[in-house]
1. Grab the DSSP H runs of the chain that are 4 residues or longer, score each as -39,500 (n - 2.57), total them, divide by all residues and round the 222 nm result to the nearest 500 deg cm²/dmol.
2. Taking amide H positions as placed 1.01 Å from N in the peptide plane, with prolines and chain starts having none, which residues 5 or more places from Ala210, or on another chain, fall under 5 Å of its amide H?
3. Suppose each label sits 7 Å from its Cα in the direction of the beta carbon; what would the Lys35-Leu184 distance come out to in nanometres?
4. What FRET efficiency, computed as 1/(1 + (r/R0)^6) with R0 = 25 Å and r the Cβ-Cβ distance, is obtained for Gln21 and Gln77, rounded to the nearest 0.05?
5. Specify, per residue and in Å³, the volume enclosed by the convex hull of the alpha carbon atoms belonging to the chain.
6. Around Cys41, with a cut-off of 10 angstrom between Cβ atoms, what is the net charge of the other residues, counting Lys and Arg +1 and Asp and Glu -1?
7. Can you tell me, using C-alpha contacts under 8 Å and at least 6 residues apart, the relative contact order of the chain as a whole percent?
8. In Å and on Cα atoms, what radius of gyration and Dmax does segment 40-181 show?
Amino acid sequence: MKSLIVANWKMNPLSQKAASQLFDSLKRGLKNVRKTEVVVCPPFVYLSGNRLTSFKLGAQDCFWQDKGAFTGEISPQMLKDLGVRYVILGHSERRQVMGEADEMVNKKIKEVLRLKLWPIVCVGETAQERKKGETFQVLKREIKEGFKNVPKSQMSKVVIAYEPIWAIGTGNPCLADDALTAVLFIRKVISQIFGMALAKKIRILYGGSANSQNAGDYLNQEGINGLLVGGASLKPKEFLKIARG
Ligand code: 13P
């Protein structure tokens, strides 16, 4: 299975020009990359006009209904129309800053899957939860609630990203062994809900201060299927090193 390398640009860069430059470097640099599948998730405003390139497009969020009076929201149907394939859902920054609850994440997952888009669902514990030994409890809750009533038949499109919140943007990545332990636990929970076959197949990524130096530590672990990259994805050279696998 090819590793999946996802760039999450978050709320960057600040101009159309800078976004085009970043896209251009990636298009050039990824032309002959075959070892990995690369997905780029820019802010919504830069999604348009980047169809059919050497990587797939993803969005960083969307709403849970496909049309109507929802001021400021973005419909998954609109994303689909732009050629977007993946949608990051339940990122910790949305959960923590925007107060997104498991129930909202669940509604979004269901809508995105209904429209045949591929959700990248983020789960992970805070530093405090980890200190209190609650990591598994948090992961279990986020998965159980997030995938509540999701038909098993749709689960093959799902990607899960283990992103311990304390490792995001801190330069303090989770040790590869610890990331693997969390990923194996996530597979166990998936197997309890959806069965062993899916638990073996589902793609699970690691995210949190991943860079070109440590990428191999995660990608070499059987069971970790790729990376969700924040800060390092804004530096083309750095990201291309990761994406080349
Ligand atoms: P950093 O790679 O900047 O730690 O961000 C990780 C992340 O949140 C990706 O979604």
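The values are calculated or read from the model by the stated rules, or taken from the named source; none is laboratory data. As the structure is a computational prediction, the values presented were derived from the model and not from experiment. Cβ sites come from the backbone with ideal geometry, for glycine too, and all protein chains shown count toward neighbours. All accessible areas refer to the heavy atoms of the entire protein, side chains included, with ligands and DNA or RNA removed. Shrake-Rupley method; radii C 1.70, N 1.55, O 1.52, S 1.80 Å.
1. Numbers: 10 runs with 94 residues, N = 245.
When only DSSP H runs of four or more count, the value is -11000 deg cm²/dmol.
2. It is Gly230, by chain and number.
3. Distance between the two pseudo-spin positions: 2.5 nm.
4. On the way: r = 30 Å, r/R0 = 1.19.
So, using R0 = 25 Å, E works out to roughly 0.25.
5. With only Cα atoms used, the chain gives 119 Å³ per residue.
6. Working: positive: Lys10, Lys56; negative: Asp61.
Summing Lys and Arg as +1 and Asp and Glu as -1 gives +1.
7. Once normalised by length, the contact order is 21 percent.
8. Expressed in Å, the Cα Rg and Dmax of segment 40-181 come to 15.6, 46.
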